[in-house]
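Participant: One structure coming up, written as structure tokens, with questions to follow.
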Amino acid sequence: MREEHRTRNIEHPTLNWKKRSFALLAPLRFVTMWLLLLLSFTANAQTITQYQQEAAENNPELKAKYQQYLSALEESPIMGTLPDPEVSFSYFIKPIETRVGPQQGRISVSQMLPWFGSLSDQRSASDLRAKAAFESFQESRNRIFLKVEQTILELYELDESIRIAEENQAILNSLVELSLARYETGRATQVDVLRAQIEEEDLNIQIELLKDNREVLIQRMNELLNRSEGAKIMLPDSLGETEIKSREELMTQIQQQNPNLNRLRYQEASSEEMKSLAEKQNRPGIKLGVDYIFTGETDMPNVANSGEDALMVMAGFKVPLFGKKNNAKVQQAERNIQDIQYQITARENSLQTELDALLRDYKDAQRKFNLYNEKQIQRITQAIDIMMDAYSSGNSDFEEILRMQRKQLEYQLKRVQAKTEEHKAAAYIRYLTGEHNENEEL
């Protein structure tokens with residue numbers, strides 16, 4: 001009787017602590033999580049936006065793309081102007097004798113004029129190429145924004161996973177102590193103790209891997225922001241609710257704002273202008289010029305206009321006798337237009353497929369989160385409580401308790417993963433729809 005009484009004194013506080021822990025932690029975590037979700041969504045959005053802005057200002061890849069766009073802007077003054085005028089000077093080593101005197105030298109100025117509308121086509125094609133370069137820059141910037149948001153979400157998931165694993169580590173430690181206490185009183189076998197210690201060590205290794213993965217993600221984030229190695233990254237405390245539009249609205253937004261599509265459309269319009277320019281090159285160019293001839297005094301007396309310099313106006317044409325070259329340019333432009341049109345169609349089809357896959361992933365993540373958050377975790381917690389009560393009376397398998405504890409950890413981690421996957425899908429949808437686009441007049 002004294003031995004049984006001593007056994008109850010050893011077991012009772014541990015079992016009560018265990019039951020109270022499971023009974024209190026589950027609803028407390030549930031309430032705390034939803035309060036944070038509701039209260040911190042605005043702060044979360046601001047944090048991600050601030051990091052995206054920092055990446056836009058500092059990322060070297062993005063700076064390179066912007067310089068390419070600025071370089072394309074400089075093309076219009078080059079392409080849309082007349083060719084340089086030609087100036088030549090001639091000196092007659094042996095003057096040419098004329099009635100009014102010897103011609104001693106000549107200055108010629110000439111200007112080549114392309115066919116009407118050629119310069120306008122060149123400027124339009126150049127402007128459209130610059131707009132295509134800007135869309136390429138926007139595509140790169142939006143992709144950097146997506147990478148920043150995805151990295152923050154992955155870091156958030158890792159931090160939550162580490163927190164959850166450490167909480168389960170504490171619970172496993174209590175199970176080790178419980179099994180030791182029961183083993184010392186002869187109410188459990190050494191196998192129970194060893195199993196609990198094995199689970200505890202496995203979880204320790206898992207936590208160390210999660211921490212190592214976090215360091216890699218921190219470095220990736222600093223690379224995106226062009227920060228020094230090891231710079232601190234501030235993360236949101238929780239993730240809020242996401243909202244996306246209907247599929248029809250999203251497809252319309254993609255058609256209108258997707259930078260890749262817009263870039264291809266500008267390239268198509270530029271090729272149209274180049275085709276028009278190639279057709280005009282089959283027409284003659286016009287050359288206008290002026291010659292000024294220096295004339296010396298004549299030796300003949302009483303000659304009117306003696307020594308008067310001569311001024312001559314000149315006009316000429318550049319005749320495209322060999323039109324095969326220009327016809328080939330027209331055909332080349334037509335091929336380019338068809339090529340880009342096929343690219344546009346292919347890109348539209350792939351974007352539609354991507355959107356459907358993202359909407360599927362988004363809905364699946366929501367379903368999984370609701371399943372784990374509202375049903376599975378509560379059921380497992382309840383099952384563990386029941387098994388712990390049974391284990392206290394010797395009617396439950398300790399291995400089954402450990403298996404259910406692993407399952408609880410698995411569902412807790414999957415709940416966090418489902419929430420981050422939901423946000424990742426929403427972020428990728430924003431990327432496809434060009435939500436971060438800027439309107440810039442070129």
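Participant: What order do you get for R263, R379 when you list them from fewest to most C-beta neighbours inside 10 Å?
Facilitator: Values: R263 23, R379 12.
With the sparsest Cβ surroundings first, the list reads R379, R263.
Participant: Treat the count of other C-beta atoms within 10 Å as a stand-in for reagent exposure and order D127, D84 from fewest to most. Provide the component values of the computation, followed by the final result.
Facilitator: Values: D127 21, D84 8.
By the 10 Å Cβ count, ascending, the order reads D84, D127.
Participant: Moving on. Any lysines with Cα under 22 Å of the K325 Cα? List them, leaving off those in the same chain fewer than 8 positions away.
Facilitator: K275, K280, K287
Participant: Please order L210, L432, L321 by the number of other Cβ within 10 Å, starting at the fewest.
Facilitator: On the way: L210 19, L432 22, L321 6.
Ranking L210, L432, L321 by Cβ neighbours within 10 Å, fewest first, gives L321, L210, L432.
Participant: If you take the beta carbon distance between R347 and Q50 as r and set R0 to 51 Å, what does 1/(1 + (r/R0)^6) give as a FRET efficiency, to the nearest 0.05? Mind dumping the intermediate values first?
Facilitator: On the way: r = 32 Å, r/R0 = 0.62.
After rounding, the FRET efficiency stands at 0.95.
Participant: Sticking with this structure for a sec: Tilt of helix 118-184 relative to the longest C-alpha principal axis of the chain, in degrees (0 to 90, nearest 10)?
Facilitator: Approximately 10 degrees, to the nearest ten.
Participant: Quick one: compute the contact order of region 354-416, relative version, from alpha carbon pairs under 8 angstrom and 6+ residues apart, as a percent. Let's see the in-between values first.
Facilitator: Details: 28 pairs, mean separation 27.6, N = 63.
In percent, rounded to a whole number, it is 44.
Participant: Between the DSSP loop rule and a limit of at most 15 other Cβ atoms within 10 Å, which GluC sites (Glu not before Pro) in region 37-139 are left?
Facilitator: On the way: sites: E54, E57, E61, E74, E75, E86, E97, E135, E139; in loops: E74.
Within region 37-139, the qualifying GluC sites (Glu not before Pro) (loop, at most 15 other Cβ atoms within 10 Å) are E74.
Participant: Between beta-carbons, use under 14 Å as the cut-off and find the net charge around F317, counting Lys and Arg +1, Asp and Glu -1.
Facilitator: Charge balance near F317 sits at +3.
Participant: Calculate, for N213 and S71, the FRET efficiency according to 1/(1 + (r/R0)^6) with r their C-beta to C-beta distance and R0 51 Å; round to the nearest 0.05.
Facilitator: My answer for the efficiency is 0.80.
Participant: Highest GNM mean-square fluctuation, the chain, Cα pairs closer than 10 Å: which of I384, I429, I96?
Facilitator: I96
Participant: Highest GNM mean-square fluctuation, the chain, Cα pairs closer than 10 Å: which of Q352, Q253, Q111?
Facilitator: Among Q352, Q253, Q111, the largest GNM mean-square fluctuation belongs to Q111.
Participant: Mind giving me the nanometre distance, one decimal, between the label points for Y183 and E399, set 7 Å out from Cα along Cα→Cβ?
Facilitator: Taking the two extended label points, one gets 1.6 nm.
Participant: Could you work out how much longer the chain between E229 and R163 gets when fully extended? Use 0.36 nm per residue separation minus the Cα distance between them, nm to one decimal. Working shown, then result.
Facilitator: On the way: separation 66, 0.36 × 66 = 23.76 nm, distance 2.45 nm.
Value of the extension gain: 21.3 nm.
Rule-based calculations on the coordinates, nothing more; no lab input. Keep in mind that this is a model prediction, so the values were computed, not measured. Note that we place each Cβ from the backbone using ideal geometry, even for glycine, and neighbour counts take in every protein chain shown.
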